[in-house]
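Chemist: This is the structure I have questions about; it appears just below.
Each reported figure results from applying straightforward, stated rules to the coordinates on display, with no laboratory input. For clarity, every value in this text was computed on a predicted model and none was experimentally measured. No Cβ is skipped: glycine too gets one built from the backbone with ideal geometry, and neighbour counts run over all protein chains shown.
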Amino acid sequence: MTSLSIRTALDRARWVQAADWLAVGVALTLPWSTSATAIFIVLWLIAVLPTLDVPAIRRELATAAGFLPVLLWVLAAVGMLWADVTLAERLGGLGKFHRLLVIPILLLHFRRSENGIWVVYGFFVSTLALLLVSWGLAVIPGLPWRGRALGVPTKDYIFQSANFLLCAFALLGYVGEAARAQQWRPALGLLAVAILFFANIFFVVTSRTALLVAPALLLLLGWREFRWKGLVGAALLACIVGVTIWFGSPYLRGRLMTSVAELRAYRVKDAPNSTGLHLEFLRKSLIFVETAPIIGHGTGSIPEQFRNAAVGHDSASSERAENPHNQIFAVAIQLGLVGAVVLLAMWIAHFLLFLRGAGLPAWIGMIVVAQNVVSSLFNSHLFDFTSGWLYVFGVGVAGGMVLRERDSASIRAARPSRVS
C-alpha cells in the first residue's frame with residue numbers, strides 16, 4: 001500500500017468517526033431543539049459525503065429499504081410537472097420529501113460503523129433528561145420557568161409523547177432480553193424507568209395519537225416475545241391496564257371525554273374544534289384523491305386544494321390546512337395512488353428489514369416503523385421536521401446496525417467452508 005493510499009484511508013477513517021459523533025449530536029438535540037438538530041444534520045452530511053463510494057451506494061439502492069425512499073422522492077420531483085400551483089409551492093412540497101434521501105446514506109454508514117449504538121444511547125439519555133424535566137414541571141409548582149405547557153419543557157406534547165413511548169417500549173424489549181439472560185437487577189431497573197415514561201404519558205400529558213399507538217406497540221411486543229400466546233396476553237394486558245388507568249387517571253379520562261364531546265359537537269353543529277377539524281380534513285382529502293386518483297394533483301398542491309375547498313363555506317368546512325393530518329392522504333393528494341403504494345411499500349420494506357433481524361437494534365427499528373405507521377393515520381409525521389427526522393435516523397441507524405450484524409453473521413458462516 002502506497003503512502004498516498006494510506007493517507008487517503010486515514011482521512012476517510014477520520015471523516016467516518018466525525019460522522020459517527022455528529023449523528024450522536026443529532027440524537028442528543030432532536031428531543032430538545034429544532035435549530036440545533038438542523039445544524040448537526042448539515043454537519044453530518046458534510047462529514048459523511050467524503051466517505052461514500054459508488055459500489056456501496058449501489059448496494060444500498062439495490063435493496064427495497066434503501067431504494068423505495070429514493071423512489072418516493074423521485075415521484076415527488078416528477079410530480080412538480082403537473083402541479084397547478086406556484087413554483088415556490090412546488091419546491092416547498094418537494095422539500096418535505098428531501099429527508100427521505102438520507103435513509104440509504106444512513107443505512108450505508110452505520111452498516112460499516114461500530115458506533116451506531118452510541119446514537120441510540122444519545123437519544124435515550126436526552127429523552128430521559130426530558131422526562132425528568134417534564135416530571136419536575138408537573139410536580140414542582142413554584143418553578144419560575146414553566147416550559148411550553150404543564151409537563152412539556154420544549155417542542156410539543158405530541159412529539160414528547162412519541163419519544164417517551166419509543167423509549168419505554170425499547171426498554172421493555174431490553175428487559176425481555178435481560179430476563180432471558182437472568183440478569184434480574186438490570187431488568188428491574190430498566191422496567192422501573194419504562195414505568196416512569198408510561199406514567200408521564202398517562203398521568204401528566206399525552207396526545208390522543210399516543211393512546212392509539214401504545215396498544216399497537218404492546219401487541220407487537222407480545223408477538224415478538226411469545227408469538228400468538230404473547231399477542232393474546234398483550235391484548236388482555238392492554239384491557240386490564242386500560243381499565244385501571246381509566247379509573248386512576250382523571251387527566252386521561254378528561255382528555256378522552258373532551259374528544260368525545262368535540263366529536264358530538266362537530267356532528268350536531270359542525271363546530272370547528274380539534275376533533276371535528278381532523279374529520280373534516282380527512283373528508284376533504286378523500287374528495288381530493290377521488291378527483292385525481294392515479295397521479296394526484298402534483299407536488300405542493302395540498303394548500304391550494306384546501307383553499308379551493310374552503311371557498312363558499314362556513315364553520316368547520318371553511319377551515320384551511322397545510323396538510324390533511326394523514327400521511328397516506330398527504331402523499332396521495334399530491335402523487336395519487338401511485339405515490340401512496342410506494343409509501344406503503346417503503347413502510348413494509350423497512351418493517352421487514354427489522355422483522356428479519358434480532359436483538360435490540362431490530363426491536364428499536366420495528367417500533368420506530370410501527371409507531372410512524374399508526375401515528376401517520378392521524379398526522380403527516382414524515383413531513384414534520386422532528387417526527388420526520390426521528391423516523392429517518394431511527395430507521396437509518398437501527399437498520400445499518402441490523403445489516404452490519406447480518407454481514408458479520410454471513411462472514412462467520414462462510415469461514416468453515418473456506419477452511420475445508
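Chemist: Quick check on the chain: helices-only [θ] at 222 nm, where DSSP H runs of length 4 and up contribute -39,500 (n - 2.57) each and the sum goes over total residues. Nearest 500, please.
Modeler: Numbers: 16 runs with 322 residues, N = 420.
Calculated mean residue ellipticity at 222 nm is -26500 deg cm²/dmol.
Chemist: Order these peptides, 165-174, 345-354, by their mean beta-carbon neighbour count within 10 angstrom, highest first.
Modeler: Result, highest mean first: 165-174, 345-354.
Chemist: Output needed: percent of Cα pairs per 5 Å distance bin for the stretch 1-120, bins running from 0 to the one holding the longest distance.
Modeler: 2, 10, 16, 17, 18, 15, 10, 6, 3, 1, 0, 0
Chemist: In percent, what relative contact order does the stretch 156-220 have, based on Cα pairs under 8 Å that are 6 or more apart in sequence?
Modeler: It comes to 46 percent, rounded to a whole number.
Chemist: Place the peptides 357-363, 80-86 in order of packing, highest mean first, counting for every residue the other Cβ atoms within 10 Å and averaging per peptide.
Modeler: Working: 357-363: 18.7, 80-86: 15.1.
Ranking the peptides 357-363, 80-86 by packing returns 357-363, 80-86.
Chemist: Can you bin the chain into rounded, prolate or oblate? Criterion: square roots of the alpha carbon gyration tensor eigenvalues sorted a ≥ b ≥ c, rounded for a/c under 1.5, prolate for a/b above b/c, oblate for the rest.
Modeler: oblate
Chemist: Need the full-extension length gain, GLU322 to PHE226, defined as separation in residues times 0.36 nm minus the C-alpha distance. One decimal, nm. Could the numbers behind the result be given before it?
Modeler: On the way: separation 96, 0.36 × 96 = 34.56 nm, distance 4.26 nm.
Here the answer is 30.3 nm.
Chemist: Let me ask another. How much length would be gained if the chain were fully extended between VAL74 and VAL139, taking 0.36 nm per residue of separation minus their Cα-Cα distance, in nm to one decimal?
Modeler: Here the answer is 18.5 nm.
Chemist: Turning to a different aspect of this structure: Sort 179-192, 397-410, 100-113, 11-24 for me by packing, meaning the mean count of neighbouring Cβ atoms within 10 Å per residue, highest on top.
Modeler: Output ranking for 179-192, 397-410, 100-113, 11-24: 100-113, 397-410, 11-24, 179-192.
Chemist: Same structure, new question: Just to be sure I understand the model, the point goes 7 Å from the Cα along the line to the Cβ. What's the resulting LEU45 to ALA64 distance in nm?
Modeler: Rounded to a tenth, the inter-label distance reads 2.8 nm.
Chemist: Next question. Would you give the gap between the C-alpha center of the stretch 210-263 and the C-alpha center of the stretch 108-137, rounded to a whole Å?
Modeler: 26
Chemist: By its C-alpha gyration tensor, with a ≥ b ≥ c as the square roots of the eigenvalues, how is the stretch 28-81 shaped: rounded for a/c under 1.5, else prolate for a/b larger than b/c, else oblate?
Modeler: Numbers: a/c = 2.26, a/b = 1.35, b/c = 1.67.
Since a/c reaches 1.5 but b/c is at least a/b, the shape of the stretch 28-81 is classed as oblate.
Chemist: A follow-up question, please. Apply the a/c threshold of 1.5 to the C-alpha gyration tensor of the stretch 132-217 and tell me whether it is rounded, prolate or oblate.
Modeler: Details: a/c = 3.25, a/b = 1.70, b/c = 1.91.
The shape class here is oblate.
Chemist: Same structure, new question: How high is the FRET efficiency between SER408 and ALA345 when r is their beta carbon distance and R₀ equals 25 Å, given to the nearest 0.05?
Modeler: 0.35
Chemist: Shifting gears a bit: Would you mind telling me which residue in GLY122, GLY242, GLY396 has the biggest mean-square fluctuation in a Gaussian network model of the chain, where springs connect alpha carbons within a distance under 10 angstrom?
Modeler: The residue with the greatest mean-square fluctuation here is GLY242.
Chemist: Moving on to the next point. Roughly speaking, what is the centre-to-centre gap between the stretch 56-72 and the stretch 138-186 when only Cα atoms are used, to the nearest Å?
Modeler: So the two Cα centres are separated by 33 Å.
Chemist: Kindly point out which whole DSSP H helices in the chain project their C-alpha atoms 20 angstrom or further along the helix axis while averaging a Kyte-Doolittle hydropathy of 0.0 or above.
Modeler: 3-29, 34-48, 64-79, 116-139, 157-180, 184-203, 208-248, 274-291, 327-355, 360-375, 385-419
Chemist: Ratio of alpha-carbon Rg to the 2.2 N^0.38 Å globular estimate for the stretch 104-262, to two decimals, please.
Modeler: Normalised Cα radius of gyration, the stretch 104-262: 1.15.
Chemist: Specify the residue with the greatest mean-square fluctuation among LEU87, LEU221, LEU277, computed from a Gaussian network of the chain linking alpha-carbon atoms under 10 Å apart.
Modeler: In this elastic network of the chain, the residue with the biggest mean-square fluctuation among LEU87, LEU221, LEU277 is LEU87.
Chemist: If you place +1 on the Cβ of every Lys and Arg and -1 on the Cβ of every Asp and Glu, how big does the dipole about the Cα centre of the stretch 1-142 come out, in debye to the nearest 20? Before the final figure, lay out each step's value.
Modeler: Working: 10 positive and 7 negative charges, 52 e Å.
With only Lys, Arg, Asp and Glu charged at Cβ, the dipole is about 240 debye.
Chemist: With +1 on each Lys and Arg Cβ and -1 on each Asp and Glu Cβ, how big is the dipole of the chain about its Cα centre, in debye rounded to the nearest 20?
Modeler: With Lys and Arg at +1 and Asp and Glu at -1, about 1020 debye.
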